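The values are calculated or read from the model by the stated rules, or taken from the named source; none is laboratory data. Every value quoted in this text rests on a predicted model; they were computed, and no experiment measured them. Every residue, glycine among them, receives a Cβ derived from its backbone with ideal geometry; neighbour counts consider all protein chains shown. Please note that ligands, DNA and RNA were not included when accessible areas were found on the heavy atoms of the full protein model with its side chains. Shrake-Rupley method; radii C 1.70, N 1.55, O 1.52, S 1.80 Å.
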Amino acid sequence: MTDVLTALDKVLLARKIAAADSSYVASLHAQGLNKILEKVGEEATEVILAAKDTAQGGEQAALINEVADLWFHTLVMLSHLDADHKAVLEVLDKRMGLSGLTEKASRNSHNDASDEA
């Protein structure tokens, strides 16, 4: 699966510097971060609605498609901010085998320490 993400990162990087009228992603980059964040928010809302529909007997395929849209727009956001999926996967990898409660507590204690600095 990381091959798909790596290939997508390359496409997103190329579209970041392409003419705005050449692709949807290029037009998002040209409109700036706020437009990209708006799209991420819209897609997150659509995921929530699709999940509720799925829980009430709706088609799971609709949920999967909405999650794909959210992931895609999140990757566009990362690309716009000169990041890619690798850093996210590294964080997820570090969290593997770690209790969610322990991980959250370590983030909270780290945030408390940085607040005091």
Breaking point among (1) exposed (fewer than 13 other Cβ atoms within 10 Å of the Cβ); (2) over 15 Å from the mean Cα position of the chain (by Cα), for A50: (1)
Residues (modelled with pLDDT under 85 and β-branched (V, I, T)) located in region 78-117: T102
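From D9, D21, grab the single residue that is within 22 Å of H85 (Cα to Cα) and either within 13 Å of the chain's Cα centre (by Cα) or without any contact (Cβ under 8 Å) to a residue 12 or more places away in the chain (or both). Steps first, answer last, please.
Details: D21 fails: within 22 Å of H85 (Cα to Cα).
Just a single option satisfies the conditions, and that option is D9.
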Hits in region 9-26 - residues which are of a type outside the set (V, I, T) and open to solvent by 30 Å² or more (accessible area, probe 1.4 Å): K10, L13, A14, R15, K16, A18, A19, A20, D21, S22, Y24
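Considering only region 50-64, how many residues are assigned to a helix (DSSP H, G or I) and free of Cβ contacts under 8 Å to residues at least 12 places away in the same chain? So that I can check it myself, show each step before the final result.
So in region 50-64, the residues assigned to a helix (DSSP H, G or I) come out as 50-55, 60-64.
After this cut, where a residue has to be free of Cβ contacts under 8 Å to residues at least 12 places away in the same chain as well, the list is 52-55, 60-61, 64.
Selection size over region 50-64: 7.
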